[in-house]
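The values are calculated or read from the model by the stated rules, or taken from the named source; none is laboratory data. A quick note: this is a predicted structure, and the numbers were derived from the prediction, not measured. Cβ sites come from the backbone with ideal geometry, for glycine too, and all protein chains shown count toward neighbours. Calculation scope for accessible area: heavy atoms of the full protein, side chains included, ligands and nucleic acids excluded. Shrake-Rupley method; radii C 1.70, N 1.55, O 1.52, S 1.80 Å.
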Amino acid sequence: MTAQPATPDSSLPPDSQPPADSPLPADSPVPADSPVPPVDTLLVVDVQSAFVTGDGAVPDAARLVDRTAGLIARARAAGALVVHLQNDGPPGAEDEPHTPGWELHHPVEPGPTELVIRKPYDDGFEETALGAVLDGHGSRAVAVCGVMSEMCVRATARTALDRGHRVVVPYDGHATQDCPAVPGVADAVPAAVVSRVAAYSLGSDAEVTHPAAAVSFTAPSRPAAPEPSASRVRGSAT
């Protein structure tokens, strides 16, 4: 596929336009004029203070958290399952548990269809109850947003695909840091390009060209399923 700079789409609101330096395939335009079938689950990946505030924030973090907040609000309103994934970093890391950077940025409204799952690895399914939670609610289709695009977002979306879920990764709903240059090996890669490559590496089964504003939600088939008993599943952010 030949990549070209994204061009503004008059049918999208200004804050849903692709960044000017975010390459979208010429043969895969953003389908803003097409309805996006609703998803029943929203996975909010690692939207933690260390990654969206302060010196360590991803580029354009304010716009990212506006979009993730909008996704959360619409998912709640529709009765969809909302899972906040919270990374447990190693000692000394910016996201070490129970440090300021580890805290979730978005407030959680705990209940039968909204919960927090802590995770020790990039993949939100690995050694967590996420799979059991999705199965218990009858989840079939998930939207994945958050940080970092090429690490936890991609790893979690990949496993969701492998488990048979329909997966939507809105192109403006995830972000990462610039990839630094390696002298004598490679030039720096802008964060927007890293994010696009990460999304497209999921293959043709993932839906990666929808803007966050186009993602809609519905309730899962078993919205009142009980949460599994697990130390890393909790219903609040503290």
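Taking label positions 7 Å along the Cα-Cβ direction at both Val189 and Asp205, the computed distance is 2.3 nm, reported to one decimal.
Remark: the Cα gyration tensor places the stretch 46-88 in the oblate category, a/c being 1.5 or greater and a/b not exceeding b/c. The local environment of Arg158, defined by Cβ-Cβ distances under 13 Å, has a net charge of -4 under the rule Lys, Arg +1 and Asp, Glu -1.
Hey, what's the stretch 117-209 come to in accessible area per residue, 1.4 Å probe, Å²?
39 Å²
Computed over neighbours whose Cβ is under 15 Å from that of Thr218, the net charge equals +4, Lys and Arg +1, Asp and Glu -1. Ranking Glu109, Glu150 from most to least accessible surface, computed with a 1.4 Å probe over the protein chains only, gives Glu109, Glu150. Normalised by 2.2 N^0.38 Å, with N the number of residues, the alpha-carbon radius of gyration of the stretch 110-167 equals 1.07.
Among the trypsin sites (Lys or Arg not before Pro) in the stretch 56-120, none is located in a DSSP loop while being surrounded by at most 14 other Cβ atoms within 10 Å of its own Cβ.
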